[in-house]
Amino acid sequence: MKRIEVKLSLGVVAPLLDVIKTVEDSLDDELAAPIALDQVDDDLRTEWRDELIASQNGDVRNLLALFDSEFFASGVVNFDEDNSDAILRSCSAVRLRLRDQFLSSFTDEVLETGEVLLEEMAEEERRYFMCYLFLATVQELVIEHLDSTALGNEID
C-alpha cells in the first residue's frame, strides 16, 4: 500500500485546523455543494440528502482525525491509499464552504493561483485563505502520490 508522510509546521497548521473545525460546524446540516433534487420524491430526497450530508461530514471528521495527538507530538501526518478518497472529498467540501462563505470576494482564479498580498488581508480572512491553500496542497499531494486513477496511470 502506498503511503506518504508529511512533516508540517505545527505553528502554521494548528490555526488552520481551527478554521476547518469552524467549517465542519457549518456543514452539520448542509451540503458544501448543494444539489437540486426537485424531481425526486420528497421522502427519497430527504433520505438521499441526509445520507450525502452524513458521508460528507464523516469525511471531514476523518480528515481532522489525521491531526491527532501523534501529529501534535511529531508534526507528521500520514496519508495512504485507504484514506485518500475521503481526504480528497473532505478537502473539496471544506474548500467549497470557505469559498462560498468566507472568500466570496475573490475570483476562482485568485483562489487557485494564490496570488494575493497576504499582508493586505484582514487576519481572519488571511486564515481562511491560508486554509484554502493548505487544503489545495493536501489534495495535490494525495493526487500526485496516492491516486493513480486521477492521473490516468495504470496499476500493474
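3J(HN,Hα) along the range 66-79, derived from phi through the Karplus expression 6.51 cos²θ - 1.76 cosθ + 1.60 where θ = phi - 60°, amounts to 5, 9, 9, 4, 4, 4, 5, 7, 10, x, 9, 10, 10, 10 Hz, with x in place of Gly and Pro. Distant-in-sequence amide contacts of residue 8, defined by a placed amide H-H separation under 5 Å and a gap of 5 or more residues or a different chain, comprise 76, 77. Taken one residue at a time, the phi angles of the range 49-60 give Karplus couplings (6.51, -1.76, 1.60, θ = phi - 60°) of 4, 4, 5, 5, 5, 4, 5, 4, 6, x, 4, 5 Hz. Gly and Pro are set to x. With protein chains left intact and a 1.4 Å probe, residues in the range 16-118 average 56 Å² of accessible area per residue. For the range 65-99 versus the range 102-136, the inter-centroid distance based on Cα atoms is 19 Å.
Taking max minus min of the alpha-carbon positions on each principal axis, the range 68-131 gives extents of 36, 25, 19 Å, largest first. The Cα-based radius of gyration and maximum Cα-Cα distance (Dmax) for the range 9-96 are 15.2, 50 Å.
Of the labelled figures (1) 49; (2) 33; (3) 20, only one reflects percent of Cα pairs over 26 Å apart as derived from the coordinates, namely (2). Mean residue ellipticity at 222 nm, helices only, the chain: -19000 deg cm²/dmol; runs of at least 4 DSSP H residues each add -39,500 (n - 2.57), and the sum is divided by the number of residues. Just the protein heavy atoms count here, and of the accessible area of the chain at 1.4 Å, carbon and sulfur take up 48 percent.
In the frame of its principal axes, the range 2-52 has Cα extents of 48, 30, 14 Å, reported largest first.
The values are calculated or read from the model by the stated rules, or taken from the named source; none is laboratory data. Remember, it's a predicted structure, so these values are computed and weren't measured experimentally. We work out accessible area using only protein heavy atoms, side chains counted, and drop any ligands, DNA or RNA first. Shrake-Rupley method; radii C 1.70, N 1.55, O 1.52, S 1.80 Å.
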